[in-house]
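What follows is a single structure, written as structure tokens, with notes after it.
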Amino acid sequence: MENMSAYPQEISGENIPMVKFAKVRKAYGDLVVLDDLDLDVAAGEMVSIIGPSGSGKTTVLRMLMTLERINSGCIYVDGKPLTHMPANGALVPASERHLRKRRIDIGMCFQHFNLFPHMTALENCMEGPVQVLGLSKAEARDRTEELLEMVGMIAKMDQHPSRLSGGQQQRVAIARALAMRPKVMLFDEVTSALDPEVIGEVTNVIRQLVSEHNLTMLMVTHQMGFARDISDRVCFFYDGKIEEQGPPAELFGNPKKERTQQFLSAVKEAV
Amino acid sequence: MTIFEFVGQYWPRLLSGTGVTVTQFLAATALGIAISLAMGLLRLSHSMMLRGFAVTYIEIFRGTSLLVQLYWIFFVLPLFGITVEKFTAGYMAVGMNIGAYGAELVRGGILAVPKGQWEAALAINMSAAKRMWRIILPQALVNMLPPWGNLMIELLKGTALVSLISVTDLMFEAKQINGTTFLSAQVFGVALIIYYILARFMLTPFMRWLERFMARKMGRA
């Protein structure tokens with residue numbers, strides 16, 4: 001097992017990053033998906049992750065959501081270790097209990113929405129606040145209706161997901177994640193499964209989040225224009241590493257690395 | 001004696017036998033569902049011991065004859081100091097046997113729920129138990145209702161075996177009447193029809209209704 005003594009048990013001082021990947025490695029057998037990833041995301045920052053398929057983009061989000069275990073390194077959220085926990089003065093791999101305690105800071109939206117089909121839109125959003133946070137139904141309903149209003153789904157809140165379009169389902173899914181009041185929101189290709197004409201209704205909700213809330217966000221996307229518009233920073237992933245990163249104007253306007261240039265011109269041709 | 005004269009004369013005993021059959025069926029169903037759920041979940045457990053326990057249970061009860069299981073519970077367990085009353089032994093054997101088949105349905109139903117549902121439930125930080133109970137099982141239930149219908153019919157027909165340990169069900173009454181009157185064609189003909197009516201006109205419509213009801217709950221209908 002990896003010697004964890006090089007990793008601090010808590011990050012202190014000024015400007016603690018909201019999310020910190022420290023030498024995070026993920027492999028499936030011989031296939032290395034992420035290779036010693038170092039990435040800091042500041043509180044309130046919106047970071048977009050772009051890159052060819054198989055470059056490890058989605059894995060970054062899935063590890064942060066604790067859907068995947070990491071092989072080595074450590075992930076910190078708000079200064080405290082997520083994937084590990086302190087025990088007898090050292091960091092050891094996190095128990096399920098520790099994960100449940102720390103995961104509360106993170107929310108995620110998926111490519112295929114993953115709404116619970118046996119619940120209405122409203123019930124989908126109330127499930128976490130009631131069952132996990134222990135709110136009363138009335139409190140949860142207030143909180144949830146406010147969010148459904150924000151994403152423009154209040155009129156359809158009593159519908160089951162099967163009655164909603166993809167764009168509507170994704171907006172409900174965003175409200176469901178926000179109802180848990182996470183500090184970090186993860187968007188995993190949230191527009192990839194949508195018909196072109198409804199992509200705008202989802203991206204508008206995310207735009208609104210960026211402009212009106214101080215959430216930390218990580219977004220994996222194939223929509224370069226959208227990433228360019230709303231991100232504070234864009235990371236281009238290639239082969240399990242961050243090949244290049246920077247402010248969107250710089251990365252899209254004047255990419256330095258050859259692979260970034262190739263990827264961006266290939267994407268442009270496709271459009 | 002025509003079949004109508006026969007029914008006119010013997011209906012009280014046939015009716016009481018049918019009542020016992022239905023009671024045996026309901027008790028065995030309740031037990032069978034509980035065992036299916038427990039064994040189906042254990043079968044998916046992370047612990048090798050729990051998984052092994054479920055596999056052993058399923059193998060034993062699916063791999064051997066229901067009649068032998070019934071005799072074991074009623075005739076062999078008393079040798080070890082466990083005496084089970086015949087009515088209880090009847091539905092226990094049928095329920096435990098059906099539970100082994102049901103466990104595989106529960107397991108299959110759970111595995112058929114898309115992975116994204118587990119992930120979404122984890123992303124709102126639900127505990128493992130709540131993920132299973134509130135998100136996965138309701139969807140698994142819908143997946144497994146159609147094969148459950150078949151299993152219920154098997155169960156109903158299986159209850160006829162309890163007559164062999166003298167539970168006074170429909171089959172037991174039919175045999176008794178046959179023994180005293182030798183009206184074999186009439187008595188077993190009527191028994192056949194009663195089993196058919198129970199399965200075809202009560203159980204099947206109920207399962208169909210349940211499927212439609214669940215589909216509505218899922219917003220599918």
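The values are calculated or read from the model by the stated rules, or taken from the named source; none is laboratory data. Quantities reported herein were computed from a predicted structural model and do not represent experimental measurements. Note that we place each Cβ from the backbone using ideal geometry, even for glycine, and neighbour counts take in every protein chain shown.
Determine whether residue A:226 is among the aromatic types (Phe, Trp, Tyr), surrounded by fewer than 22 Cβ atoms within 10 Å (Cβ to Cβ) and closer than 17 Å to residue A:47 by Cβ. Give the steps one after another, and end with the answer.
Numbers: among the aromatic types (Phe, Trp, Tyr): yes; surrounded by fewer than 22 Cβ atoms within 10 Å (Cβ to Cβ): yes; closer than 17 Å to residue A:47 by Cβ: yes.
Yes; evaluated as a whole, the condition is true for this residue.
Rundown of residues vs (1) without any contact (Cβ under 8 Å) to a residue 24 or more places away in the chain; (2) among the hydrophobic types (A, V, I, L, M, F, W, C), yes/no style:
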| position | (1), (2) |
| --- | --- |
| A:97 | yes, no |
| A:111 | no, no |
| A:116 | no, yes |
| A:128 | no, no |
| A:139 | yes, no |
| A:142 | yes, no |
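For residue B:150, all conditions in the list (1) in contact with a Phe, Trp or Tyr (Cβ under 9 Å, 6 or more places away or on another chain); (2) more than 14 Å from every other protein chain (Cβ to nearest Cβ); (3) surrounded by fewer than 20 Cβ atoms within 10 Å (Cβ to Cβ) hold save one; what is the number of the exception?
(1)
Could you list, in sequence order, the residues of the range A:119-140 that are within 8 Å of chain B (Cβ to nearest Cβ) and buried (at least 21 other Cβ atoms within 10 Å of the Cβ)? First the steps, then the outcome.
Filtering the range A:119-140 down to residues within 8 Å of chain B (Cβ to nearest Cβ) leaves A:120, A:127-128, A:131-132.
A:127, A:128, listed by residue number.
For residue A:54, only one of the following conditions fails: (1) at the interface with chain B (Cβ under 10 Å from one of its Cβ atoms); (2) surrounded by fewer than 23 Cβ atoms within 10 Å (Cβ to Cβ); (3) in a loop (DSSP other than H, G, I, E, B). What is its number?
With (1) at the interface with chain B (Cβ under 10 Å from one of its Cβ atoms); (2) surrounded by fewer than 23 Cβ atoms within 10 Å (Cβ to Cβ); (3) in a loop (DSSP other than H, G, I, E, B) applied to residue A:54, the lone miss is (1).
So, residue A:195, is that one modelled with pLDDT of 95 or more and either under 14 Å from the mean Cα position of the chain (by Cα) or under 28 Å from residue A:263 (Cα atoms) (or both) or not? Spell out how you get there, then give the answer.
Values: modelled with pLDDT of 95 or more: no; either under 14 Å from the mean Cα position of the chain (by Cα) or under 28 Å from residue A:263 (Cα atoms) (or both): yes.
Considered against the rule, which asks whether it is modelled with pLDDT of 95 or more and either under 14 Å from the mean Cα position of the chain (by Cα) or under 28 Å from residue A:263 (Cα atoms) (or both), residue A:195 comes out as no.
State whether the residues of the range A:52-59 include one that is among the polar types (S, T, N, Q) and without any contact (Cβ under 8 Å) to a residue 60 or more places away in the chain.
First pass over the range A:52-59, keeping only residues among the polar types (S, T, N, Q): A:53, A:55, A:58-59.
Okay, now just the ones that are also without any contact (Cβ under 8 Å) to a residue 60 or more places away in the chain, so A:53, A:59.
Yes; the residues of the range A:52-59 include at least one that is among the polar types (S, T, N, Q) and without any contact (Cβ under 8 Å) to a residue 60 or more places away in the chain.
Please find, within the range B:87-118, the residue that is nearest to residue B:23 (Cα to Cα) out of those that are touching a residue at least 60 places away in the same chain (Cβ under 8 Å) and more than 18 Å from the chain's Cα centre (by Cα).
B:110
From the list A:92, A:60, A:33, exactly one residue is surrounded by 20 or more Cβ atoms within 10 Å (Cβ to Cβ) and part of a strand (DSSP E or B). Which is it? Give the derivation first.
Working: A:92 fails: surrounded by 20 or more Cβ atoms within 10 Å (Cβ to Cβ); A:60 fails: part of a strand (DSSP E or B).
Sole residue among the options that is surrounded by 20 or more Cβ atoms within 10 Å (Cβ to Cβ) and part of a strand (DSSP E or B): A:33.
Among all residue pairs at least 6 apart or on different chains, which show Cβ distances below 7 Å where the first residue, located in the range A:162-189, is within 11 Å of another protein chain (Cβ to nearest Cβ) and the second is hydroxyl-bearing (Ser, Thr, Tyr)?
A:179/A:144; A:188/A:58
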